[in-house]
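Trainee: Mind having a look at this structure? Questions to follow.
No value in this document is a laboratory result; all are computed from the given coordinates. Everything numeric in this text was worked out from a predicted model, so none of it was measured. Here the Cβ positions follow ideal geometry from the backbone for every residue, glycine too, while neighbour counts run over all protein chains shown.
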Amino acid sequence: MRSPIDVVITGIGVVAPIGIGKCPFWESLWAGQSGIRPISLFDASGLPVRIAGEIPQFNPKSYITNRKSLKVMARDSQIGVAASVLACQDAGITPGKVAPDRFGVLLGADRISGSIEDSQAPVNKCLVDGRFDFSRWGSDGLAVSFPLSFLRVLPNMIASHISIAHDARGPNNTIHQGDVSSLLAIAEAARVIQRGAADVMLAGGASSRMSPYDWVAHCALGRLSRRNGDPATVLRPFDADRTGEVYGEGAAIFVLENRRHAEARGATILARLAGAASACEVYNGTFKGTGLKRAMAAALAEAELGPNDIGHVNAHGASAPISDAIEAQAIRDTLGEVPVTAPKSCFGNLGAAGGAVEMAATVLGFCHGVVPRTLNYVHPDPQCPVHVVSHEPLAGRSPTAVLINTTPLGQAAALVLAAD
């Protein structure tokens, strides 16, 4: 980013359907493994969509030392704190390494849903002859409600729990903007460092779309694929046979540092943030990708790079019939025939956490000298005129990347990364 202060990445913590920790995560990416599987967190047998990107065998007690805090943590917060612990371990951030007042947190978060367990007792108190009596809620229902349940569902609680866990007393904020949330959070965290308000920021996103309450709504909205068969083959970004998205859960947190601070403590620098921008396109019956084009162009301008300098694009690539085509054309118009990878093909659309988890794939790709592959790209779609990296990871590309995310409402975010 164009500033006297260079912002670099010194640590990665990732909790995803294909692995917990950067090494298991990368090994799954390298092997082309999918994290899409039948839903096990709740009974989805009566719903039209029964697959998702779940995190298997996640135990929050392995990362959260204050057991009492688990009572007021939704799953989003649990995986977010776990990712932050892994990020600090990766960066060598231990107590005393960073001045607390110069250590901040900036995260992307989704709406957090309440649990059925919290609702069951108060709802039962309001049932009369099998029907819900609203007049009883204020007295009988609330009387048996868990008094701290509200603290579980505030989106800013993820960043709050992370700041407490790491004694990070610097700037603390949450961005709640759908699928672009974590890229916006990472960009803003870099601005905080450039403004001189912090030396180190924990930035990224955490989200779990695995609430049974929300899942009913997800099914009704019509964005999810209802393809039957092998769950690993359902997600097909930019492929002619794509039929819709798959939702999931995950978190990725990065340690961002002022370069001088990182070098002074002897940290390993994994990548640097070169540019960032966001834009929005007004919906007039359809989208044309103009907001995404402007975001990518502005991010490139800030990075002082041209299309020929970019090694690959880490695309939104949601496997949606219409938006994939719009995105692909915007990439082609702005960046030409640059290779494109779509990590969502491995783990699904993780909402506010998606951009951060996808960014982990690019940064780790820099470390290993390759661009990760896109799964299930078999039949190229003429409506998606991009060169999709498939079959095998792609070596020999410049270690620079444009990362993009969009929302169904027209918001777009772009981030430019470069290996140090």
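Trainee: Please provide three numbers in whole Å: the alpha-carbon extents of the range 275-418 along the principal axes, with the largest listed first.
Mentor: 42, 35, 28
Trainee: Next up: How many nm is it between the label spots at E263 and D101, if each spot is 7 Å from the Cα in line with the beta carbon?
Mentor: Computed distance between label sites E263 and D101 equals 2.6 nm.
Trainee: Related question: Which value, in debye to the nearest 20, gives the size of the charge dipole of the chain about its Cα centre, when Lys and Arg are +1 and Asp and Glu are -1 at the Cβ?
Mentor: Here the size comes out at about 620 debye.
Trainee: By what distance, in whole Å, do the Cα atoms of the range 158-242 stretch along each of the three principal axes, largest value first?
Mentor: So the three principal-axis extents are 51, 29, 21 Å.
Trainee: Across every pair of different alpha-carbon atoms, what Kirkwood hydrodynamic radius in Å does the range 138-204 reach?
Mentor: Values: mean 1/r = 0.0718 Å⁻¹.
One decimal place: 13.9 Å for the Kirkwood radius.
Trainee: If you don't mind, there's one more thing I want to ask. Give me the Kirkwood hydrodynamic radius of the range 249-304 in Å, from all C-alpha pairs, to one decimal place?
Mentor: Evaluated on the range 249-304, it is 14.3 Å.
Trainee: A further question on this structure: What is the distance, in nm, between label points placed 7 Å from the Cα along the Cα-to-Cβ direction at E392 and at R226?
Mentor: 4.0 nm
Trainee: Sequence-distant or interchain residues sharing an amide H contact under 5 Å with A271, placed H: which?
Mentor: Answer set, sorted by chain and number: I9, D420.
Trainee: If you don't mind, there's one more thing I want to ask. State the antiparallel share, in %, of DSSP beta bridges confined to the chain, rounding to the nearest 5.
Mentor: Details: 43 of 65 bridges.
Antiparallel: roughly 65 percent of the beta bridges in the chain.
Trainee: Also, I was wondering about something else. For the range 184-252 and the range 278-349, write down the distance between their C-alpha centroids in whole Å.
Mentor: So the two Cα centres are separated by 16 Å.
Trainee: Considering only A16, G205, V105, whose Cα is most displaced toward the positive end of the charge dipole of the chain, charges sitting on Cβ of Lys, Arg (+1) and Asp, Glu (-1)?
Mentor: Farthest along the dipole direction, towards plus: V105.
Trainee: When only Cα pairs under 8 Å and 6 or more residues apart are kept, what is the percent relative contact order across the chain?
Mentor: 23 percent
Trainee: Sticking with this one: Using +1 at the C-beta of Lys and Arg and -1 at the C-beta of Asp and Glu, which of P147, S62, Q33 has the Cα lying farthest in the positive direction of the dipole of the range 30-176?
Mentor: Among P147, S62, Q33, the one farthest towards the positive end of the dipole of the range 30-176 is S62.
Trainee: Given [x] 21.1, 69; [y] 36.1, 119; [z] 22.3, 75, which label gives Rg and Dmax of the Cα atoms in Å as computed from the coordinates?
Mentor: For Rg and Dmax of the Cα atoms in Å, the calculated option is [x].
Trainee: If a/c stays under 1.5 just call it rounded; otherwise compare a/b with b/c (prolate if a/b is bigger, oblate if not). Do that for the range 115-274, with a ≥ b ≥ c from the square roots of the Cα gyration tensor eigenvalues.
Mentor: oblate
Trainee: Let me have the 222 nm mean residue ellipticity of the chain computed from DSSP H runs of 4+ only, each contributing -39500 (n - 2.57), with the sum over all residues rounded to the nearest 500. Before the final figure, lay out the partial values.
Mentor: On the way: 12 runs with 129 residues, N = 420.
Estimated from H runs of four or more residues: -9000 deg cm²/dmol.
Trainee: Hey, another quick one. Explain nothing, just the number: relative contact order of the range 275-418, from Cα pairs under 8 Å at least 6 residues apart, as a whole percent.
Mentor: Relative contact order for the range 275-418 comes out at 35 percent.
Trainee: Ok, one more. Of V255, G244, T268, which is farthest along the charge dipole of the range 234-280 in the positive direction, counting Lys and Arg as +1 and Asp and Glu as -1 at C-beta?
Mentor: Ranked along the dipole, the leading option is T268.
Trainee: Can I ask one more? Output the DSSP H helices from the chain with an along-axis C-alpha extent of no less than 18 Å and a mean Kyte-Doolittle hydropathy no less than -1.0. Don't jump to the answer; show the numbers that get you there.
Mentor: Details: long enough: 75-91 (24 Å, 0.35); 181-194 (20 Å, 1.06); 290-303 (20 Å, 0.52); 321-335 (22 Å, 0.07); 354-368 (21 Å, 1.08).
Helices meeting the span and hydropathy rule in the chain are 75-91, 181-194, 290-303, 321-335, 354-368.
Trainee: Still on this model: Roughly how far apart, in whole Å, are the Cα centres of the range 34-66 and the range 387-420?
Mentor: If you average the Cα positions of each part, the centres end up 27 Å apart.
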